[in-house]
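> Please find one structure pasted underneath; my questions will follow.
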Amino acid sequence: MPKKEKQGVVISDKMDKTIVVKVASYNPHPKYKKIIESNKNYKAHDANNECGIGDTVRIIESKPISGGKRWVLESIVEKAK
């Protein structure tokens, strides 16, 4: 089974070797059909502490690293300005 991939924006890099990534998903409302944005935060392992706040990153699923970390940084798509 392939590993899941998600893309989002780093909202916190205060922890050592850990980043918090906000991933947005867009779905229509069941009755009114308006597109609704829902956000979810994921903790991801950043082994080299190379990400900063505002970076757009791609994360992939992995085995549990700690109590709340189940994702690993794959690549930085775009650095923050």
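The values are calculated or read from the model by the stated rules, or taken from the named source; none is laboratory data. Predicted model, so just to flag it, every value in this text is computed and none were measured. Every residue, glycine as well, gets a Cβ built from its backbone with ideal geometry; the counts of neighbours run over all protein chains shown.
> For region 22-49, which residues satisfy the criterion of being in a loop (DSSP other than H, G, I, E, B), in contact with a strand residue (DSSP E or B) (Cβ under 7 Å, 6 or more places away or on another chain) and surrounded by 12 or more Cβ atoms within 10 Å (Cβ to Cβ)?
D46
> Just give me the residues in region 1-16 being more than 11 Å from D55 (Cα to Cα) and touching a strand residue (DSSP E or B) at 6+ places or on another chain (Cβ under 6 Å), in sequence order.
Answer for region 1-16, where residues must be more than 11 Å from D55 (Cα to Cα) and touching a strand residue (DSSP E or B) at 6+ places or on another chain (Cβ under 6 Å): K3, K4, E5, K6.
> Can I ask one more? Answer yes or no as to whether S75 is loosely packed, with under 15 Cβ neighbours inside 10 Å, modelled with pLDDT of 95 or more and assigned to a strand (DSSP E or B).
Answer is yes for this residue.
> Now, a different point. Within the set of pairs 6 or more residues apart or between chains, which connect a residue that is in contact (Cβ under 8 Å) with a residue 60 or more places away in the chain and closer than 13 Å to I19 by Cβ inside region 56-81 to a residue that is in a strand (DSSP E or B) and of a type in the set (G, A, S) with Cβ atoms less than 6 Å apart?
W71/A44
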